[in-house]
Amino acid sequence: MASQPQPDQEFVDVFDTEQESEAMVVRGLLESAGIEAFQTGLDAPQDILPGVGGVVLRVPASQAAEARELIEEYRMAGAAEEGELNSEEPAE
């Protein structure tokens, strides 16, 4: 069972996405680096705001800079892999 944030700690948003699976990957990345991450939903009434919603990851403010750096590295690695997969150059 996931732990709950401590009431005396300040938490900040560091990542948001519409895909829960992506949020789970990023949360695992952060937690493997020793950063406590909490996931919250951004659910909106679908009859009023169709397609609006998503997931936000929050971390302790003291670890926000490190978390954002890890997330940026994750995004850069993903972009590099995507570029390799979509490359027009033949593989050797």
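Every number here is computed from the coordinates shown, using simple stated rules; none is lab data. What you are looking at is a predicted structure, and each value in this text was computed from that prediction instead of being measured. Neighbour counts are summed over all protein chains in view; Cβ atoms, including those assigned to glycine, are modelled from backbone coordinates with ideal geometry.
Apply the Karplus curve 6.51 cos²θ - 1.76 cosθ + 1.60, θ = phi - 60°, to the phi angles in segment 13-27 and return the couplings in whole Hz, x for Gly and Pro.
Running phi through 6.51 cos²θ - 1.76 cosθ + 1.60 with θ = phi - 60° gives 6, 10, 7, 9, 7, 8, 9, 4, 5, 5, 4, 5, 5, 5, 4 Hz.
What distance in nm lies between label points placed 7 Å from Cα along the C-beta direction at GLU69 and LEU42?
2.6 nm
Given labels modelled 7 Å from the Cα in the Cβ direction, how far is it in nm from ALA33 to GLN19?
Modelled inter-label distance: 1.9 nm.
Tally Lys and Arg at +1 and Asp and Glu at -1 over the other residues with C-beta under 11 Å from the C-beta of SER62: what net charge comes out? Working shown, then result.
Working: positive: none; negative: GLU10, GLU36, GLU66.
Once positives and negatives cancel, what remains is -3.
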